[in-house]
Amino acid sequence: MRRKARELAFRVLFEHLQGDVPLEEAWRHALETSELDAEGRSFARRLVDGYADNAAEVDRTLAETVEGWDFNQMSKTDLAVLRLATYEMLFEDTPFAPLIEVAVRIAGKYGGEDSGKFVNGVLARLKRRVDAGELTAVPKKD
């Protein structure tokens with residue numbers, strides 16, 4: 001359920017940011033084709049709203065973590081995946097491993113040939129920064 005919820009959140013954020021569509025409209029569009037139950041929709045909405053509420057911090061952290069790239073050079077699908085995963089890594093209690101795995105899968109499904117590798121590399125570096133105490137993140141569930 002969480003993988004599908006993350007994919008729904010990705011579709012909403014991508015349409016909102018890249019299509020310049022208001023967030024509520026993007027949410028309604030995504031729900032038209034969603035088969036998620038109420039719990040899944042609630043989780044997806046929490047991710048979308050969480051990113052929106054913390055966009056400046058998430059984007060700053062992501063910009064500091066990505067080496068050799070700026071947001072204008074990145075694939076827009078990769079950027080949307082990274083924004084949601086960065087939000088979740090910093091602000092949700094989700095353990096890193098499943099979160100990174102799903103982000104890589106979404107990037108591979110919607111992005112280019114190397115999107116999964118790129119997203120994996122960025123998120124692994126972000127995790128190392130958290131583990132080193134360079135960044136603060138919500139404690140993770142066991």
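The values are calculated or read from the model by the stated rules, or taken from the named source; none is laboratory data. This one's a predicted model, so the numbers in the text were calculated from it and none came from an experiment. Positions of Cβ are backbone-derived with ideal geometry, glycine not excepted, and every protein chain shown enters the neighbour counts.
Can you pull out every residue in segment 46-71 that is in contact (Cβ under 8 Å) with a residue 24 or more places away in the chain and over 18 Å from A137 (Cβ atoms)?
The answer is V48, A52, E67.
All but one of (1) more than 14 Å from the chain's Cα centre (by Cα); (2) in a helix (DSSP H, G or I) hold for E67; state the number of the condition that does not hold.
Unmet condition: (2).
Could you look through segment 77-109, keep only residues that are hydroxyl-bearing (S, T, Y) and modelled with pLDDT under 95, and pick out the one that is farthest from D20 (Cα to Cα)?
In this case the residue turns out to be T94.
Name the pairs whose Cβ atoms lie under 9 Å apart, with the first residue in segment 24-42 and in contact (Cβ under 8 Å) with a residue 40 or more places away in the chain and closer than 16 Å to F10 by Cβ, the second of a type in the set (A, V, I, L, M) and in a helix (DSSP H, G or I), and 6 or more positions between them or separate chains?
So the pair list comes out empty.
Please state which of the following conditions D49 fails to meet, knowing it meets all the rest: (1) at pLDDT below 95; (2) under 16 Å from the mean Cα position of the chain (by Cα); (3) not aliphatic (A, V, I, L, M).
(1)
Can you pull out every residue in segment 70-89 that is within 13 Å of the chain's Cα centre (by Cα) and of a type in the set (F, W, Y)?
Hit for segment 70-89 is Y87, nothing else.
Kindly check whether there is at least one residue in segment 11-21 that is among the aliphatic types (A, V, I, L, M), within 20 Å of F91 (Cα to Cα), touching a residue at least 60 places away in the same chain (Cβ under 8 Å) and in a helix (DSSP H, G or I).
Yes.
Is it the case that V122 is under 19 Å from E7 (Cβ atoms), crowded, with 16+ Cβ neighbours inside 10 Å, in contact (Cβ under 8 Å) with a residue 60 or more places away in the chain and touching a Lys or Arg at 6+ places or on another chain (Cβ under 6 Å)?
So V122 fails the test.
Please state which one of T86, T136 is part of a helix (DSSP H, G or I) and among the polar types (S, T, N, Q).
Unique residue meeting the criteria: T86.
Here's a check for you: in segment 90-104, which residue that is under 12 Å from the mean Cα position of the chain (by Cα) and more than 13 Å from D59 (Cα to Cα) is surrounded by the fewest Cβ atoms within 10 Å (Cβ to Cβ)?
The extreme case among them is E101.
Would you confirm whether any residue within segment 54-72 is in contact with a helix residue (DSSP H, G or I) (Cβ under 8 Å, 6 or more places away or on another chain), within 18 Å of A9 (Cα to Cα), of a type outside the set (A, V, I, L, M, F, W, C) and surrounded by 18 or more Cβ atoms within 10 Å (Cβ to Cβ)?
So far as segment 54-72 goes, no, none of its residues is in contact with a helix residue (DSSP H, G or I) (Cβ under 8 Å, 6 or more places away or on another chain), within 18 Å of A9 (Cα to Cα), of a type outside the set (A, V, I, L, M, F, W, C) and surrounded by 18 or more Cβ atoms within 10 Å (Cβ to Cβ).
Test of understanding: among E25, E35, which residue is acidic (D, E), in a helix (DSSP H, G or I) and more than 16 Å from A103 (Cα to Cα)?
Just one listed residue meets the conditions, E25.
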